[in-house]
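Working notes, structure below.
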Amino acid sequence: MTDDSAPRVDAERTESPVGVQGTDHITIEGTNVADTVEFYRDILGMPLVLRQPNLDRTELTHLYFDTGDGRLLTAFVSEERESVDETDPDQGDVHHVAFRIDWERVAEIAAGLEDAGYPVSEYDRGAFHALYTEDNNGLTIELVADKFAIPDDRRGEVLARAHANRVDDGAEFVTTRHMRAALDDLGIDAEEREIGAAPAGREYGG
């Protein structure tokens, strides 16, 4: 049985007044300069490419980090702020931010985070493999290793097809099997990567 009130899931662009073309940047409320630069530049490896006063809140500094694909993560920071161990997001807040990592370095990256004193959890999310840690603001950071070498311009199409396969299968969530079937259905020859086993997990809902 299908729920006719549920929004449709597919890769078709809808008629809309805006029609975004991609993500430009994500901005977080950060803490101080040193701790924010340490995590995003020195731990995650994002170059700090711009630093200037916040143009709307002049008491704050605005940091711009290059995430590696032309997109940016920026942070509002102040020397009056201290880093925190955890945060409890409310409705409308950002729950977590996800970045791609090299699938061949998952174990090495997890070990590096732990060596630097950051917590790490590892999960198989079906469509991809993920590590989770926290930044100096207590914000959950997800590090995604793609299990298939899917071209970026076909990614949404593959996920939508995998969703349809999941529904047809009566499964609770997308698994690697549904991704394989989606690629076959769409005639996409994408390398499958052997990352290793991990639990599906429910702690983060990535």
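The values are calculated or read from the model by the stated rules, or taken from the named source; none is laboratory data. On a predicted model such as this, the values are computed, not experimentally measured, just so you know. Cβ: placed from backbone, ideal geometry, glycine included. Neighbour counts: every protein chain shown.
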Scanning segment 3-47 residue by residue, those touching a residue at least 60 places away in the same chain (Cβ under 8 Å) and part of a loop (DSSP other than H, G, I, E, B) turn out to be V9, D10, A11, G30, T31, L44
Looking only at residues in segment 32-91 that are more than 30 Å from A111 (Cα to Cα) and among the β-branched types (V, I, T), which one is surrounded by the most Cβ atoms within 10 Å (Cβ to Cβ)? T61
Can you work out which of the residues in segment 13-32 that are under 18 Å from R71 (Cα atoms) and among the hydroxyl-bearing types (S, T, Y) is nearest to the chain's Cα centre (by Cα)? T23
Return the only residue of R155, R193 being of a type in the set (K, R) and free of Cβ contacts under 8 Å to residues at least 12 places away in the same chain. R155
If I ask for residues that are under 17 Å from P199 (Cα atoms) and touching a helix residue (DSSP H, G or I) at 6+ places or on another chain (Cβ under 9 Å), which ones from segment 131-143 would you list? L131, T133, L143
For the condition within 26 Å of A162 (Cα to Cα) and either surrounded by fewer than 20 Cβ atoms within 10 Å (Cβ to Cβ) or not assigned by TED's automatic domain parsing to the domain that holds G45 (or both), what is the one hit in V120, V144? V144
Scan segment 92-130 for residues that are touching a residue at least 60 places away in the same chain (Cβ under 8 Å), farther than 28 Å from E191 by Cα and over 15 Å from the mean Cα position of the chain (by Cα) and jot them down. A116, Y118
Have a look at D35, D42, D10, D66 and point out the one that is more than 20 Å from the chain's Cα centre (by Cα) and closer than 30 Å to F148 by Cα. D10
